[in-house]
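For reference, the structure is listed below as C-alpha cells.
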Amino acid sequence: MVIKENTSDIGNGTVKSIRKFSRSKKKNWRKFLSTKDVEAKAEEFLLENLTGGPVSKKADAELFVIDKGLHRGKYQESFLQASKANSAKQTRKDFRAICNSLYCERMLLPNPHVESIRGREKKKSKKFCYKKVAQRFLTGKQGTPKDLWCEEVHNANLSSWANVNFENFVKPAQKAFATGKSKPPLAKLRRAVVPCHPGLSCNPSLADHGRALLTTASQIAFQNMNSIPLGHQFPLSLAKSFRTNVSASRRTFHKKFLMQSNSEKNLSLRKKSIFQVANKSNKVQERKKTAQRNKEARQRALQRAARRKKFEKRRSHEFFRARKHVLEIEKKSELTQLAAKRRRMKKLFSELQPKRFGRLKYQPEHLDVQIGEELSGTLRAITPKSDFLRERFRSFQERNIIETRKRNRQRRKYKLKEYEKRSFKARADE
Amino acid sequence: MVAKRKKKYASGEGAHFMTRKAALKKLQLSLNDFRRLCILKGIYPREPRNRKRAQKGQAGIKTLYHVKDIQFLMHEPIIWRLRDYKIFNKKVGRARAVKDFESLKKYLNNHPTLKLDHIVKERYPTFLDALRDLDDCLTLCFLFSTFPSIAHVPRDQSALCRRLTIEFLHAVIEAKALRKVFVSIKGYYYQAEIKGETITWIVPHHFSFEPQSRAEVDFKLMSTFVEFYTVMLGFINFRLYHSLNLFYPPKFSVVSQNDDEKSIVDEEVFVSERVAALNFPVSKTSSGEEEEEVEIDTFSTEDTPEKIEEAKIEAEKIKNLKGLFKGLKFFINREVPREPLVFIIRCFGGEVSWDKLLFVGASFDENDESVTHQIADRPSMDKQFISRYYIQPQWVFDSVNARQLLPVNKYFMGEVLPPHLSPFIDKSRDQQYIPPEEKALYDPEALEELHKKQETDDESEEEEQEDEKLEAEDSEKVDEDEEDTEDEEEEEEGESTKKKKLKVTPGEVYKEVPWEKSKQERQEYKLREKLVKNKHRKLYKSMMAGRQQRAKEIWLLRKKRRLHEEKQKEERKKKKKVEKQTT
C-alpha cells in the first residue's frame, strides 16, 4: 500500500489519496488488514496508563477506603499508633482527610437500611400499635438495641459494606436552638417540677399549715382587690386622694410663694441688665489709652501665669491623691457591678415570668390548701384535693411553653330558611 | 437617580418575628399540625420587646415566633409525614363514605407513622441534656400511666407509659439513686440523683380518674407531649440500663417460690407483671462486679479545706443512706399503698413483701418470722407478732428524709404521728421559721432538749404543789442565813481596803450599762443609715421592709406555737384532775 501525498494540497484541507493496491501484487495481503483492533488496543493501553492501571489488577485497598474504626477525636490514638507502625509521618491533615472522606463516602452511598421519608413507599406495615412502635424504635430493624447517645462505633467486622451499621453514624446534631445562640431557651431555666409548699404535706406541722393558709388568704385577698373597681377600694382611694391633695398644695405653695420671689428676683435682674447695657454702651464710647491697654494685658498675662502655676501644682500633687482616686474608682466599680448584677437579675426575673402570647393573660393560681377539718394525718384517709393534670397544663403555660388560650366554642350557624306564607300563596293563585 | 426608600419593618424586630398565621402559611400546615410540630421540635412562641414593631404595626396581641425558628422547622422531614397524614385521612374518609371497605382496609393497614428518634437526638445532643429535662417527662408519663382509654389518649399509650416508668423505677433501684421523698396531698414527690443531676418528679395518688372539661385542659396537646416524652424516656432507659450493666428490656432470673401458677398464659404478661411488682432484681450483663467506691479527690488548696470536709461528710452520709434499710424485712398490709413503699424500701437495700392475693410478686408471707417491720395503717390489729414492729407508713418516708432509722415508738399503730416535714426547704435562707421538731431532726441535742422539755412540763405541775409546801418551811431558814452573810461581808471589806493601800491593784471593771450601750449602737446605726445614698435608699428600705415582715411572720408563728402548747398543757391538767377525782 503506497501513500502518496499531494504536497501542493497539504494545508488546504483536502483528503490524502491513498492507493490501496500495489502494482506488483506482491503485498496484496495488506488489503485484508485492518488496524482498528490494534488502534483500539493502543488507545486502551494509553487510557489505562493515564488512569493508573486496570481496575481488575488493582488491590481492594487501592480502590476502596476501608473503615477500620477511625473517628475523629475518639480514636486518634489508634490512628497515631497505626501511623507509627507504618513508619510514615501522617499529619493531622491526613487524619482529617481520612475521617472526612469516610464520612462523605458514607453519606453519599445509598443506604439500604435507612427509610426514605419523602418517597411514597408502600410498605407492608403492621397494624398500628404503640407497643410495637415502641419496640421498633428501641430495637433496630436488625433486632439489636439502639443507643442514641453512643459515641463509639460498634466493633463489628467491617470487611464488607453490608456489615456497616449506618444507623449508628448519626448526623451531627443540628443546633437545637435555631436562633443561633448557644444558650438554652429561658423556658428550660424554670424548674418543671417545683417542690410544693410544706403546708401541702399529708400530715403538715402547725406552722407550715398556718403559713400555707396565710399565703393563700393573702393571694385571694390580692386577687379580690384587683377585681374590685378602684373607686370602691377604701384604703387605696383615700391614699390617692391624699397624695393628690398634697401635690396640689405643693403646687399652690410653689406658685404663690416661690414664683413671687422669683418674680421679684427677675425684676431686680432685669434692672441690673438694663444698667449693664447702659454702662456697656458708655464704655464703648470711651477709647482706651495705651497705658491702660498695656496694664490690662499685663494683668491678663499674670492671671494666665497664675492659672498655669495652679494647674501644675495641682498636677504635681495628683501623685499623692492617687490612693484616694483608686479608692473612689474601686467604690464606683463596686456600685456599677452591683447595679449591673441587679439589672441582670431583674431582666432574668422579668424574662422568667409568664409572658403574654395572645389575648389572654396567665392567671396564677393560689395554693390548694386543706382546711384544718380536712387534714387527714394518715395516708389511708387522704382525699384528692388538687387536679394534677390541670396543674401540669398550667405549669406549661406558666413556663411559656404553650400560650394561654380559650378553646373556641363551636357556634351554631343557623341556615336561613325561606318559605312562603299561605295567605300570599293563596293570593298568588287567585 | 432616586435613592431606594427603606421599607418599614424590613429590619429590626419587624424582620425577626413572624405571626402564627404567617408561619402557617409559610409551612402550609394546619393549626393543629403546627402546634404538634412545635411541641415535638421544642419551638416556643416569643414575646418581643416592642410589640408594635414586631407585629409590623398591626393592632392587638398576636402570637409571635422567631423567623429563624420557622425556617428551622421548614427543613424538618416530619412535615411530610404530617401532610401524608392529611392525605391519608382524606382517603379514609372518602373510602368510608363511598363504602369501599377493601380499600379502606388497605389504607388503614398502610397508615403513615412518625419517627421521632432524630428529634430526640437534635434536642438533646448529650445524655446529660436529656437528664436535665427528665422532670417533666417522668411526671407526665406517670400521670398518663394512670389514665383509662380516653378519646385522645389511646390505651396503648398509657400502657407504654406504664411500662417505661416501671423500667425507670427499676433503674433507680439498681443505681440506688433516690435521695428525698415527700408525701403531699397531690402525690408523692421523689428526688433522685443520676449522673450528678437532681431529678424531681411527682407520682399522683392512685385515685379514680376524674373527667376534665375541655375548657380547662387540652388533651390533644398533652398527648402530643407524652408522645415525645415516651420516645425520650425509652432512650434514656436504654442508656441507663447499659450504664448499670443491666439487660434491656429488663429480665429477671429469680422466680419466687410462691408462684404456684400451673399454667402460664402468656410469657410477656408474666414477665411484665413481675417487672411491675418491683420486687425482683433485674439480671445484669456482667456478673460479680460490685460498685467501685469512688473516693473524693483532695487537692491541696488552703482556701477550701472546710468545703472538702463538708463534701466528705456528705459523701459518707449518702453512702450510709444507700444501705439504710439493709438487713430489714418489711411486710406491707393490704390497706397501705404498695408501689411507693416497695420502691423506696428496695432503693435503700431492704426486702419487702405483701399479701400474695393483692398482687403478683410476693416473696414471703406474713407469717414469716424473720420479718422485722410490718407496715400497717389501721388503728389496731388482732394478731400481732412479738418479733416485729408494727409501724405506720410515714416512718419509712421520715427515715429516708432524716437519713437514719428514726425511733419507732412515735409511729406505732394508733399513735398520733409527728408532722411529715418537707425535705425541700431552702436551708440557706436565714430568716425562716423552723419548727422545733425539724430542729430536733438536724441536732440530736435539740432532740434531747425537746424530750426534756416535754418531760419537765409534766413534772412541773407536780413540783409546783410540792414547792408551795416547802416554801413555808424555807422562809424561816432564809432569815437566819441572811444575818450571817452580812457579818462576813463586812470583815472582807476591811481586809480588802488595807490591801488596796499597800499594793498595786488591778484596774476596776467598768460596768457596762446595757441600755446605754444599745442606745449608742442605735444612734450609730441611724447615722450609718443616713449615709446611704439617695440612689440606694429605696432598695435599702424595701430590703429592711422585707426583713421586718419575715421577722413578724416568725414572731406570729412562735406566738401561735406558744399558745397551742399552753392550750395542750391546760388540757392535760384538766384530764389529770378528772382522773384523780375518779380514782
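For a test of understanding, tell me how many lysine pairs in the range A:337-430 have Cα atoms under 26 Å apart, given they are 8 or more places apart or on different chains.
So the count works out to 12.
Whole number please: convex hull volume per residue, Cα atoms of the range B:155-235, in Å³.
Details: hull volume 10.2 nm³, N = 81.
Hull volume normalised by residue count: 126 Å³.
What's the exposure ranking of B:MET381, B:MET232, B:MET413, going from fewest to most Cβ atoms within 10 Å? Mind showing how you got there, number by number?
On the way: B:MET381 13, B:MET232 23, B:MET413 16.
In order of increasing Cβ crowding within 10 Å: B:MET381, B:MET413, B:MET232.
Could you work out, residue by residue across B:183-193, how many beta carbons of other chains sit within 10 Å of that residue's beta carbon, and then give the average as an integer? Don't skip to the answer; put the middle values down first.
Details: counts 6, 13, 17, 10, 6, 2, 6, 1, 2, 0, 0.
Neighbouring Cβ atoms belonging to other protein chains average 6 per residue here.
Take every residue in peptide A:413-420, count the Cβ atoms of other chains within 10 Å of its Cβ, and give the average of those counts. Let's see the in-between values first.
On the way: counts 0, 0, 0, 0, 0, 0, 0, 0.
Going residue by residue through A:413-420 and averaging, the value is 0.
I need the calculated FRET efficiency for the pair A:ARG293 and A:ALA322, taking r as the beta carbon distance and R₀ as 60 Å, to the nearest 0.05. Present the calculation step by step, with values, prior to reporting the outcome.
Details: r = 45 Å, r/R0 = 0.74.
Between A:ARG293 and A:ALA322 the formula returns 0.85.
How many nm separate the modelled label positions at B:ILE150 and A:SER333, each set 7 Å beyond the Cα in the direction of the Cβ?
5.9 nm
So what's the net charge close to B:GLN523: Lys and Arg +1, Asp and Glu -1, counting the other residues with Cβ under 12 Å from its Cβ? Working shown, then result.
On the way: positive: B:LYS517, B:LYS519, B:ARG522, B:LYS526, B:ARG528, B:LYS530; negative: B:GLU516, B:GLU521, B:GLU524, B:GLU529.
Local charge sum for B:GLN523: +2.
Averaged over B:34-42, how many beta carbons belonging to a partner chain fall within 10 Å of each residue's beta carbon? Show your work: numbers first, answer last.
Details: counts 0, 2, 0, 0, 2, 3, 0, 2, 8.
The per-residue average across the peptide is 2.
Give the peptides B:388-394, A:358-364, A:35-41 in descending order of average Cβ contacts within 10 Å, highest first. Write out the running numbers ahead of the final one.
Working: B:388-394: 21.9, A:358-364: 13.1, A:35-41: 9.4.
Most protected by this proxy first, the peptides run B:388-394, A:358-364, A:35-41.
Once R0 is set to 30 Å, what does the formula 1/(1 + (r/R0)^6) return for the Cβ-Cβ distance between A:GLN219 and B:ALA215, expressed as a FRET efficiency to the nearest 0.05? Before the final figure, lay out the partial values.
Values: r = 23 Å, r/R0 = 0.75.
So the FRET efficiency works out to roughly 0.85.
How high is the FRET efficiency between A:ARG344 and B:GLU529 when r is their beta carbon distance and R₀ equals 25 Å, given to the nearest 0.05?
Working: r = 27 Å, r/R0 = 1.08.
E(calc), rounded to 0.05, equals 0.40.
Three principal axis extents, largest first, for the C-alpha atoms of the range A:325-429, in Å?
Ordered largest first, the range A:325-429 gives principal extents of 110, 55, 21 Å.
Treat each spin label as a single point 7 Å out from the Cα along the C-beta direction, and report the B:THR285 to B:LYS383 distance in nm.
4.7 nm
Over its Cα atoms, what ratio of radius of gyration to 2.2 N^0.38 Å does the range B:343-399 give? Walk me through the numbers before you get to the answer.
Details: Rg = 11.7 Å, N = 57, 2.2 N^0.38 = 10.2 Å.
Dividing the Cα radius of gyration by 2.2 N^0.38 Å gives 1.14.
Label B:VAL504 and B:LYS195 with points 7 Å out from Cα along Cα→Cβ: what is the distance between them in nm?
Label at B:VAL504, label at B:LYS195, 7.5 nm between them.
Rounded, prolate or oblate: pick one for the range B:148-191, where a ≥ b ≥ c are the square roots of the eigenvalues of its C-alpha gyration tensor, a/c under 1.5 means rounded, and failing that, prolate if a/b is larger than b/c, else oblate. Intermediate results must be reported in sequence, preceding the final value.
Numbers: a/c = 5.29, a/b = 1.57, b/c = 3.38.
Oblate.
Any read-out appearing in this document is the output of simple, stated calculations on the displayed coordinates, not a laboratory observation. Keep in mind the model is a prediction, meaning the values are calculated, not measured. Cβ atoms come from the backbone with ideal geometry, glycine included; neighbour counts cover every protein chain shown.
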